[in-house]
Structures are given as structure tokens and as C-alpha cells.
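The values are calculated or read from the model by the stated rules, or taken from the named source; none is laboratory data. Treat the numbers as computed from the prediction; the structure is a model and nothing was measured. Note: ideal-geometry Cβ built from the backbone for every residue, glycine included; neighbour counts use all protein chains shown.
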Amino acid sequence: MAHYFIPKRCATSNKIMYHDKVQAQHAADQCFTERGSELWVYRCQYCGSWHLTSHDPANAHTYVPLNQQIKPHSRKKGYKPRRR
Ligand SMILES: [Zn+2]
């Protein structure tokens with residue numbers, strides 16, 4: 001019986017969806033081993049899954065750094081200094 005994993009694809013980017021960063025990184029490592037092409041992993045802002053990209057995230061506009069997702073703002077939004 002042939003049973004293999006059929007990856008889901010993102011409706012927005014049409015990229016393969018990975019459940020977590022480890023899976024995405026593993027796929028990126030495989031791609032580098034098989035094809036010699038380096039891939040970056042990033043978390044999709046639309047579907048919340050992880051995707052691979054051949055573009056350096058440092059140059060991509062859509063890339064959201066990890067530390068921004070965990071801590072979006074260091075300062076509170078809408079903070080107003082109290083008047084006396
Ligand atoms: Zn996505």
C-alpha cells in the first residue's frame with residue numbers, strides 16, 4: 001500500500017505548509033542536500049504555518065522576524081502620559 005504524505009498548500013502563497021519550524025527546517029536541509037539550493041524558513045502571516053523561501057529573508061518585505069511575532073511591541077499602544 002502506497003501511503004505518502006501529501007502536503008497542504010497555503011491558499012495565499014501556494015507554498016507547502018509545515019506544521020512547525022522543525023519540519024520546515026528539515027525540508028530546507030533536505031533541499032540543500034539534494035539540490036544544493038539554500039532555503040530559508042519563515043512563518044506565514046496568513047495561514048500561520050511555516051513555509052520555505054529561496055529568497056533571503058533579510059531582503060524580503062513580507063518576512064516577519066521571529067522576535068517581532070513573540071513580542072510585537074515593547075511599548076504599549078495608545079499609551080498617553082497622564083496630565084496633572
Ligand atoms: Zn501561508
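Couple of notes before you dig in:
- Among the residues of segment 41-58, the ones that are over 11 Å from Lys15 (Cα atoms), touching a helix residue (DSSP H, G or I) at 6+ places or on another chain (Cβ under 7 Å) and either away from the ligand (no atom under 11 Å from the Cβ) or of a type in the set (A, V, I, L, M, F, W, C) (or both) come to 1 in all.
- Residue in segment 67-84 that is surrounded by 10 or more Cβ atoms within 10 Å (Cβ to Cβ), modelled with pLDDT of 60 or more and out of contact with any Ser or Thr (no Cβ under 9 Å at 6 or more places or on another chain) present: no
- Looking only at residues in segment 1-22 that are closer than 10 Å to His51 by Cα and polar (S, T, N, Q), the one that is surrounded by the most Cβ atoms within 10 Å (Cβ to Cβ) is Ser13.
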